[in-house]
Amino acid sequence: MQASLRDSWLLRDVEIPTRVVLAPMAGVSVQAFRRQGRRFGAGLVCSEMVSCAGIEHRNERTLGYLRVGADEHPLAIQIFGSEPRTMAEAARMVEAAGADIVDMNFGCPVGKVTKTGAGAHLLERPELACAITEAVASAVSVPVTVKMRRGVQDGSRACLELGPRLVEAGAAALTLHPRSAKQMYTGVADHTLTAELVELVDVPVIASGDIVSRVRAEAVLRSTGAAAVMVGRGAQGNPWAIREIVLGDDTPPSREEVAAELILFVRETVRELGERRASGFLKKFYGWYLGHGRFPKPFKNELVQLQTTEEVVTRLLAAAPGAAAILERLEAELPDPEDDVLLDGMPISIYGGG
Ligand SMILES: Cc1cc2nc3c(=O)[nH]c(=O)nc-3n(C[C@H](O)[C@H](O)[C@H](O)COP(=O)(O)O)c2cc1C
């Protein structure tokens, strides 16, 4: 019988309440994004990739990625690196920070990462990939998972060779984005490979790539036998896509709802990154939220020009006054920031506004 997207499932001993996972995305998956994903029905959320070298050197910005909110669980924090000992050390920090799962990035195609021997480079270094997995899995007691691409070159089937070996080395689940590293985001994700991988391993497989609707999610679950689907770009500025995929509720959000969610996102991100970093970081989100025919295009251009996030909030409230009441309700439901887990000795100052 086919699993329903609303069913819970187990990733080793971690119960995941739905079969939709929010993708790790560098420059996107801040805490506000993950919390929002959980609220709209994602069963599991994931941090963006965090450098294990940055963790080792106690880089302030890197450590900021290890802040875990009380309402994020279950949460995976993803690490990347190329050295078993440093990866194991980083995994211990991730576990201490309160993550439920340590995920490892064996798929990033970006040169800055692969040239250090990390990310997709590991798809061509199976011995090292297994050594890292073994070191990390024995360093922590939470489940360790791996996210990978199909291989480096177009048409590669490296993931099918490597996947079972990673499971033998201790991986408790695998996520496959079946594009090659060379493809970046062109072409389509070939989920026939996901189906083949599911046949080869006895741990849950998560299917990532081009899942943008419930129809697509159900088709991929059915044709691959994957335990869950992962949603990435489809959820950027569009948490309603997650609700549609999980619940089948395709009611488009009102302008007031869109404005309220965006304002909450802005405020949470300012709290996490500080005004200076957040104001630049947030600009791409304005287009993502206000698109889909929700607001006229010149309005987005206007927001992008504004200097401070407070001006953005004021402008949004003027355009959709009804957003204030929705926002008040959303904010009342948020947990107290004091409940966030902070590692001992972690610098608070980086959160700009504490
Ligand atoms: C902006 C962006 C940043 C990403 N960063 C990461 C990352 O940090 N770690 C990772 O494993 N994958 C990363 N990915 C890949 C996604 O997790 C996902 O596998 C891919 O986008 C395909 O899914 P989609 O078609 O639903 O977007 C990123 C993708 C995008 C678009």
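Odds and ends about this structure:
- Verdict on GLY225 being buried (at least 18 other Cβ atoms within 10 Å of the Cβ) and not hydrophobic (A, V, I, L, M, F, W, C): no
- Residues in the range 205-219 that are buried (at least 21 other Cβ atoms within 10 Å of the Cβ) and more than 10 Å from the ligand (Cβ to nearest atom): VAL205, ALA217.
- Flag for THR114 being out of contact with any strand residue (DSSP E or B) (no Cβ under 7 Å at 6 or more places or on another chain) and under 22 Å from GLU161 (Cα atoms): yes
- In the range 272-284, the residues that are part of a helix (DSSP H, G or I), more than 19 Å from the chain's Cα centre (by Cα) and closer than 16 Å to THR62 by Cα: ARG277
- Taken together, the criteria exclude ARG149 from residues that are without any contact (Cβ under 8 Å) to a residue 60 or more places away in the chain, closer than 29 Å to ALA217 by Cβ, open to solvent by 20 Å² or more (accessible area, probe 1.4 Å) and of a type outside the set (S, T, N, Q).
- Checked against (1) open to solvent by 20 Å² or more (accessible area, probe 1.4 Å); (2) over 26 Å from ARG85 (Cα atoms); (3) charged (D, E, K, R), GLU127 passes all but a single condition, namely (2).
- Taken over the range 34-70, residues that are over 19 Å from ARG243 (Cβ atoms), part of a helix (DSSP H, G or I) and away from the ligand (no atom under 16 Å from the Cβ) amount to 3.
- From VAL266, VAL246, residue being in contact with a Gly (Cβ under 6 Å, 6 or more places away or on another chain), surrounded by 21 or more Cβ atoms within 10 Å (Cβ to Cβ) and not polar (S, T, N, Q): VAL246
- Residue list for the range 71-106, restricted to those being in a helix (DSSP H, G or I) and away from the ligand (no atom under 16 Å from the Cβ): PRO84, ARG85, THR86, ALA88, GLU89, ARG92, MET93, GLU95, ALA96, ALA97
- For the range 223-239, taking the residues that are of a type outside the set (A, V, I, L, M) and more than 16 Å from the chain's Cα centre (by Cα), the one that is nearest to the ligand (Cβ to nearest atom) is identified as THR224.
The values are calculated or read from the model by the stated rules, or taken from the named source; none is laboratory data. In this text, all values refer to a predicted model and were calculated from it rather than measured experimentally. Note that each Cβ is placed from the backbone with ideal geometry, even for glycine, and that neighbours are counted across all protein chains shown. We work out accessible area using only protein heavy atoms, side chains counted, and drop any ligands, DNA or RNA first. Shrake-Rupley method; radii C 1.70, N 1.55, O 1.52, S 1.80 Å.
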